[in-house]
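The following block contains the structure, expressed as structure tokens.
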Amino acid sequence: MLGDARVQFRQEGADALTGTLGHLGARVRFHREPGYHALWYEIELTNDGPEPIKSLAVEPLLVRIAVDPPAAIPRVRYLTGSQHYDATYPTRAFEVVDRGIMTSDHAKPIEIGGELSQEYTPMIQFALQSGGRMAGFLVAFEWSSGWSMKAAYTKAVFQEAPRPSPDFEVRGQMKLGEISVPAKSKVTLPRVHLVFFEGEDWTPLENHGRRYIAERIAYQRPKQAQVNKVSYDHWFGIQGNFDVEDMLRQARRAAELGCEFFCLDAGWYGKGAFGASGTGVWDQPDPPKFPRGVADVQRLSRLARESGMGFGLWSLLIVKNQGGKPDQLPVPPFDLSKPEEVNAALEVLRRWIKEYDLTWFRFEMMGQGDLAYQRGYEELLARITREYPELHIECCLGGGTRFDLANMRYCTTTWLSDHTADPDVCRNTQTGALRFWPSYMLNLAVRVHRNTGDSEANAYNVISRMPGTLSFNGDIAQWSEEATRKVRALVDRYKSVRHLQSQPVFFPLPQVRRLEDWDVVCFGDGKGEAQLMYVFRVAGPAQQFVKVPEAPGEWSLVMSSDPAVGIEHSGDGFTLSMPARSAAVWIRRQ
């Protein structure tokens, strides 16, 4: 829209809609992905006039569906966001909400949105259900700031539903800021992705969506990036209370555990990083922690690399400070809407990669910003991944609040939640996010506080971070040699089966809603190398019947937190037996 005037579109070939309004041209370009049951589209705005065109209004998502209840019932499904952290069980983070809208009579809309992915994950699923069949789609924005989506009848009536029923709509907005197109130029808006399905339940859509995200959107360089990596990060359990000698001890133990990356988190640089001492210069090692400055961090990096691990750093890159004197306040952050500021941020990253031999980067980045800012942010990530394709980037903002398609185009994983304390909450967070997202993106850690001895080095704690990506945080150096060997054995078993977690995923039970509900995840449809099944019981009945995709072979135990676990054929499925608060991993090789 421009004022009260609207662009009128016409079909242009099979893959575009076009329209004009004065000097403004608008083109909706479609790209089909037939092997993935998907397509994406983007809106291009052009200005062939001599003056900028300002204050444009764009609605990037509007899908209208004819429905005929009760023969066909609209269903809307969405996933809550990370909530930053949540200690409840079942967790409110990444909880699936599935609602049928039975009639247009008194039908309130279903609305989700907000900033980033803190309250809701920026995607929504829609289906029409008729009898035992469903058909519909997932829609998601490739966007990293404010957004909203709404599913509703076009008209809510307050009487017996009229015939025919009003249409049903799924529509959405991105908070792009003021949209303007400079003279003689073009502006392209963020992509909208749609994945389609039909089936008896939502499972085909979940698997179409995960595969499409992993293979057509997510970071692809190198291909081995899409494997669940085992990593270490000091923050949860130690926070900013460390020095170089402490980190050297943690690095040695991380290598003994089989970690593949070692990350130095917040507090490593001087004034301007939360957890730092308040002395020193932004982006330079904090003097109380690293008396020899850069050389001390290089020493840590060298130990990590010589021990077979990659080395990583954390940064809240947009916050930079002046000379490090206590009376000097922060200068404004990098304004990534400006090309020169993108270049300046890129130079910092290049220097760190070279100076510290980085292969991992925990990239904490504020999300609020208009289209120009987000485009600058994406340009920064795109350029750094082109120049350093082996660099693994973990997106992070307070734990999972920046988890969206725009970030995952350049990042290999995400820090899923700032709750790392309870194994059941952590596992529930991972298995919830797994409903919509690939497993390798879901990083959560075994947290080890100071002075806790070997208490955190137990199988239940470790297995409960494995449905996604396993990591360790805190003071692992305090673990005894015996505890270290036991945890290393678990890590080795995880590494031996983690590649199976890229297969289609099946949930034989509904998402956990009570302490008494079992949590079961099966990777594999019976057509690949093997099926892998994670089973968790907190409370409730000691046995649980499950049905998973049929496959030849017998289940064998990979690892468990208790020897008294069992599985046996029962009718057309299996009966699982487990003690309370236990975990087991089973494999069935074809």
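Given R₀ = 41 Å, what would the calculated FRET efficiency be for residue 284 paired with residue 460, taking r from the Cβ atoms and rounding to 0.05?
0.50
So, in Å, what gap is there between the alpha-carbon centers of the range 222-238 and the range 1-60?
If you average the Cα positions of each part, the centres end up 40 Å apart.
So if I take the centroid of the Cα atoms in the range 64-134 and the same for the range 452-486, what is the distance between those two points in Å?
36 Å
Of the DSSP beta bridges with both residues in the chain, give the percent that are antiparallel, rounding to the nearest 5.
75 percent
Defining a contact as two alpha carbons under 8 Å apart and six or more residues distant in sequence, what relative contact order in percent does the chain show? List each step's numbers first, then the result.
Values: 1434 pairs, mean separation 73.4, N = 590.
For the chain, the relative contact order is 12 percent.
Near residue 338, which lysines are there with a Cα under 18 Å away, not counting those fewer than 8 places off in the same chain?
Within reach: 186, 320.
Could you work out the local net charge near residue 480, counting Lys and Arg as +1, Asp and Glu as -1, over the other residues with Cβ closer than 10 Å to its Cβ? Please list the in-between numbers first.
Numbers: positive: 485, 486; negative: 454, 481, 482.
Net charge in that neighbourhood comes out at -1.
By count of other Cβ within 10 Å, fewest leading, how are 200, 142, 456 ordered?
On the way: 200 11, 142 21, 456 24.
Lowest to highest Cβ neighbour count: 200, 142, 456.
What Cys residues in the chain have no fellow cysteine's beta-carbon under 4.7 angstrom?
259, 263, 396, 426, 522
Could you give me the ³J(HN,Hα) list for the range 551-567, computed from phi with Karplus coefficients 6.51, -1.76, 1.60 and θ = phi - 60°, whole Hz, x at Gly and Pro?
Computed from phi, the couplings for the range 551-567 are 7, x, x, 10, 6, 10, 7, 8, 6, 7, 8, 8, x, 8, 10, x, 8 Hz.
Set Lys and Arg Cβ to +1 and Asp and Glu Cβ to -1, take the dipole of the chain about its Cα centre, and tell me which of 114, 573, 224 lies farthest positive.
Checked the options; the winner is 224.
Tell me which residues come under 5 Å, amide H to amide H, from residue 562 once H is placed; ignore anything under 5 positions away on its chain.
Under 5 Å from the amide H of residue 562: 583.
For residue 562 and residue 188, compute 0.36 nm times the residue count separating them, minus their Cα-Cα distance, and round to one decimal in nm.
Working: separation 374, 0.36 × 374 = 134.64 nm, distance 5.51 nm.
Gain on stretching residue 562 to residue 188: 129.1 nm.
Here's something else I'd like to know. How much length would be gained if the chain were fully extended between residue 31 and residue 156, taking 0.36 nm per residue of separation minus their Cα-Cα distance, in nm to one decimal? Provide the component values of the computation, followed by the final result.
Details: separation 125, 0.36 × 125 = 45.00 nm, distance 3.42 nm.
This chain segment gains 41.6 nm when fully extended.
Given [x] 1.17; [y] 1.02; [z] 1.49 as candidate values of Cα Rg over 2.2 N^0.38 Å, which corresponds to the one derived from the coordinates?
Label of the calculated value: [y].
Arrange the following residues from fewest to most other Cβ atoms within 10 Å of their Cβ: 174, 134. Numbers along the way, then the final one.
Values: 174 25, 134 20.
Going from sparsest to densest Cβ surroundings: 134, 174.
Follow-up. Go through 431, 407, 166 and say which Cα lies farthest out towards the positive end of the charge dipole of the chain; charges sit on Cβ, +1 for Lys and Arg, -1 for Asp and Glu.
407
If you rank 59, 379, 95 by fewest surrounding Cβ atoms within 10 Å, what's the result? Numbers along the way, then the final one.
Values: 59 11, 379 16, 95 20.
Ordered from fewest to most neighbouring Cβ atoms within 10 Å, 59, 379, 95 come out as 59, 379, 95.
Which entries of 108/175; 229/495; 108/150; 527/547; 289/486; 354/495 show an alpha-carbon separation above 20 angstrom in the structure shown? Can you show the working numbers first?
Working: 108/175 23 Å; 229/495 9 Å; 108/150 10 Å; 527/547 16 Å; 289/486 31 Å; 354/495 30 Å.
Beyond 20 Å between Cα atoms: 108/175; 289/486; 354/495.
Need the full-extension length gain, residue 215 to residue 480, defined as separation in residues times 0.36 nm minus the C-alpha distance. One decimal, nm. Walk me through the numbers on the way to the answer.
Details: separation 265, 0.36 × 265 = 95.40 nm, distance 4.14 nm.
Extending this stretch completely gives an extra 91.3 nm.
Read-outs throughout are calculated quantities, based only on the coordinates presented, and are distinct from any laboratory measurement. Being a predicted model, the structure only gives us computed values, none of them experimental. Cβ coordinates were reconstructed from backbone atoms using ideal geometry, including for glycine residues, and neighbour counts include every protein chain displayed.
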